[in-house]
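Data block below; observations after.
FYI, it's all coordinate maths here, none of it is from the lab. None of the values given here were measured: they were computed from a predicted structure. Reconstructed Cβ throughout: ideal geometry from the backbone, glycine too, with neighbour counts over all protein chains shown.
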Amino acid sequence: MAQPIRRILIVGGGTAGWMAAAALQRTLGPHARVTLVESDDIGIVGVGEATVPPIRDFNSLIGLDEAEFMRETRATLKLGILFRDWGKLGSAYAHPFGTFGPGPTLGDFNQVWLNQNSAGAPTDLWDYSVCARAMAAGKAGARDPDPRSPLHTLFTAYHFDAGLYARYLRRVCEGRGVERVEGKVVEVVQRPDDGFIESVTLEDGRSLSADLFIDCSGFRGLLIEGALKAGYEDWSHWLPVDRAMAVPCTRVGPATPYTTSTALEAGWQWRIELQHRTGNGYVYCSDHIDDDRARETLLANLDGEPLAEPRPLRFVTGRRRKYWDRNVVALGLSSGFIEPLESTSIHLVQSGIYRLLQHFPDMDFSPVNIDTYNTRLGREVELVRDFVILHYHATRRDDSPFWRQVAAMPVPDSLSERVEIFRDRGMLFQVHADEYFSQGSWMAVMYGQGITPRAASPLYAWRDAERTAAGLRQLSEGLSRAVEALPAHEDYLKARGMWGADA
C-alpha cells in the first residue's frame, strides 16, 4: 500500500497560497502538516477583487463566518457585472448571476422569450432576471431556498480587498495549526533520478522539505516553471490585452452591488466598490496605448480622489501546459492568467483546489491521476477563455484600431461553433459538465452585445401567444414586487452585521 502524504509545503502566500492552506488544513486536519513559506519583501498582486457565487461554497468549506469575513475584508455583495460600451458606444447591459426566467435552471426560457418577441410582442430580457433587477435598483438580500420564491435565483458573490482576504485567511490558518515561514526561496533542490522536488532553500540557508509542493509564487512559477519547465501556452493572439494599471480611490455614494466594466479605447476599465474604497483598473493592450497614456486615462475616469499611485501589472494571457507536474501543483498566477473581465481569477484557484482534493495523491504520485487532473482543469480553463473572448468577438465597435483588431481576429473553433448555432436558431448549450458559465451567462453576453438569432426553434411557434405573454407578464411583475421589497444594499449589510465599524 502506498504511503500517504504527510508534509505539504506551499511556496508563496497571497490569496492563492492562503486559500490552499485553509482548504488543505481543513480537509486533512492532523493527518498532514501544512506549511507556507512567503517573504514580506515580495509584493503580491492584491487589488480589489470581484468574485463569482461559488466563493460562498469555498468559504463554507473552510468554515468562515460570513459576517466576520465581510467585516474583515471590507466586502460588499455582487449580483453581476454591468458592461458599458462593449457592444457599441453608448450601449449597456447586465450579466447577472442566477438565471433568466423561472426555476433554478434556464430550461427552455430562451426559446419561449425569443419566439414571443418574434411574434411581435417584444419585452426586455433583463426583466426576467431577479439579479438584473436588483442591480438596477441597488438592492440586495438573501437567497430564498424555496424554489417557488422569486428570490430563489438571487445568487450573490462578493467584492473584497484581496490583500485583506489573504491576511484574514492567514490569521485563520495560523490559528488552526498551519505553520508560516518567513523567507525568500533562492534554490529548488530536485531528486537526481526523477526530477521530483525534494526541498527549497531559503536566503538564510534554511532548507524546507515536503512530499507535496503547491506553487503559489505568482507569474514567475518558481517551481512549476523555474524548476520543472512545465511550459506555457500563450493565448495573446485571442486575448491581446497584456497590461493593467490599478488604483484605489475614495468611494462616492452608496456602494453598488455589482462590478462595472467600461470598454475604453484600448481595453476596458473595472470599477469595484468596497466598504472603505473603490477599486479601479485599466486593462489594456500595449500595442495600442502606452503606459503613461493608460495611467492618465485611468486617473481621468475616477469618480473619487485617488488614494495611491497607479500600480502597473504586465502579463501574458495563457496557461501552463501542465498544472500538476510530478509532485508540484500550480495554483493562481503560477498556473496561468486570464484577464479579470469575468472575475474568474479566484474561482480558478478555488477550482484547482477542489480538483486537487478530489485527486489527492499518495506517495506514488500516479501519472494517471495527475494526467486526469490536468485534463479536467485544462478543459475548464479553456471554456472560461472562450467566454472571455466572446466579449471582444461580439463587439460592433470600430472606433479605434484595438476594437477593429479584436472584432476581426479569428477565434477558437469551440467558440465560433457556439456563436453560430445561437445566431442561427437561438440555441444555448453547455459543452461539458466542468463548464462554469451557464446558458444564462452566454445568453446575457450574446444578446447584450447584439448577437440576434435568425429565428427561434419552430417547436415554440405552436404555443398560445396570449397565454405565453400573460405568463411572462406575471413572471416580470412577481420579480418586480420581490425586488421592491428588498432593502438597499448597504442597509442590508449593516443590518446583518457585515459592515466594518471603521469602513
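Checked against (1) crowded, with 21+ Cβ neighbours inside 10 Å; (2) of a type outside the set (A, V, I, L, M); (3) in contact with an Asp or Glu (Cβ under 8 Å, 6 or more places away or on another chain); (4) part of a helix (DSSP H, G or I), Gly352 passes all but a single condition, namely (3). Is it the case that region 361-381 has a residue that's without any contact (Cβ under 8 Å) to a residue 12 or more places away in the chain and more than 30 Å from Ala21 (Cα to Cα)? No, the conditions are met nowhere in region 361-381. Any idea which residue in region 78-93 is farthest from Glu273 (Cα to Cα), counting only those that are among the hydrophobic types (A, V, I, L, M, F, W, C) and in contact (Cβ under 8 Å) with a residue 60 or more places away in the chain? Restricting to residues being among the hydrophobic types (A, V, I, L, M, F, W, C) and in contact (Cβ under 8 Å) with a residue 60 or more places away in the chain, the top hit is Leu89. For region 227-247, the tally of residues that are in contact (Cβ under 8 Å) with a residue 12 or more places away in the chain, exposed (fewer than 15 other Cβ atoms within 10 Å of the Cβ) and part of a loop (DSSP other than H, G, I, E, B) stands at 3.
Can you work out which of the residues in region 133-153 that are in contact (Cβ under 8 Å) with a residue 60 or more places away in the chain and assigned to a helix (DSSP H, G or I) is nearest to the chain's Cα centre (by Cα)?
Taking region 133-153 as the starting set, the residues that turn out to be in contact (Cβ under 8 Å) with a residue 60 or more places away in the chain are 133-135, 137-141, 149-151.
The next check asks that each one be assigned to a helix (DSSP H, G or I); those that pass are 133-135, 137, 150-151.
Values: Arg133: 22, Ala134: 21, Met135: 18, Ala137: 24, Pro150: 26, Leu151: 23 Å.
That would be Met135.
Filtering region 106-125 to residues that are assigned to a helix (DSSP H, G or I) and without any contact (Cβ under 8 Å) to a residue 60 or more places away in the chain leaves Phe109, Asn117.
Residue under question is Asp287, and the condition is that it be among the acidic types (Asp, Glu), in contact with an Asp or Glu (Cβ under 9 Å, 6 or more places away or on another chain) and not in a helix (DSSP H, G or I); does it hold? Working first, answer last.
Values: among the acidic types (Asp, Glu): yes; in contact with an Asp or Glu (Cβ under 9 Å, 6 or more places away or on another chain): yes; not in a helix (DSSP H, G or I): yes.
Spelling it out, Asp287 is indeed among the acidic types (Asp, Glu), in contact with an Asp or Glu (Cβ under 9 Å, 6 or more places away or on another chain) and not in a helix (DSSP H, G or I).
Taking the conditions exactly as written (at negative phi, touching a residue at least 40 places away in the same chain (Cβ under 8 Å), touching a Phe, Trp or Tyr at 6+ places or on another chain (Cβ under 8 Å) and not β-branched (Val, Ile, Thr)), does Arg180 satisfy them or not? So that I can check it myself, show each step before the final result.
Values: at negative phi: yes; touching a residue at least 40 places away in the same chain (Cβ under 8 Å): yes; touching a Phe, Trp or Tyr at 6+ places or on another chain (Cβ under 8 Å): no; not β-branched (Val, Ile, Thr): yes.
Answer is no for this residue.
Taken over region 248-262, the criterion of being assigned to a strand (DSSP E or B), crowded, with 22+ Cβ neighbours inside 10 Å and touching a Gly at 6+ places or on another chain (Cβ under 9 Å) is satisfied by Pro248, Thr259.
Just the residues that are among the aromatic types (Phe, Trp, Tyr) and without any contact (Cβ under 8 Å) to a residue 24 or more places away in the chain, please, taken from region 445-503. Spell out the reasoning first.
At the first step, the residues of region 445-503 found to be among the aromatic types (Phe, Trp, Tyr) are 447, 460, 462, 492, 499.
Within region 445-503, Trp462 is the sole residue that qualifies.
Filtering region 316-341 to residues that are of a type in the set (Val, Ile, Thr), assigned to a loop (DSSP other than H, G, I, E, B) and either within 15 Å of the chain's Cα centre (by Cα) or surrounded by 24 or more Cβ atoms within 10 Å (Cβ to Cβ) (or both) leaves Thr317, Ile338.
Give the residue that is surrounded by the most Cβ atoms within 10 Å (Cβ to Cβ), with candidates limited to residues of region 80-105 that are touching a strand residue (DSSP E or B) at 6+ places or on another chain (Cβ under 6 Å) and assigned to a loop (DSSP other than H, G, I, E, B).
Looking only at region 80-105, we keep the residues that are touching a strand residue (DSSP E or B) at 6+ places or on another chain (Cβ under 6 Å), and these are 80-86, 92-97.
Okay, now just the ones that are also assigned to a loop (DSSP other than H, G, I, E, B), so 85-86, 97.
On the way: Asp85: 19, Trp86: 26, Phe97: 28.
Here the residue is Phe97.
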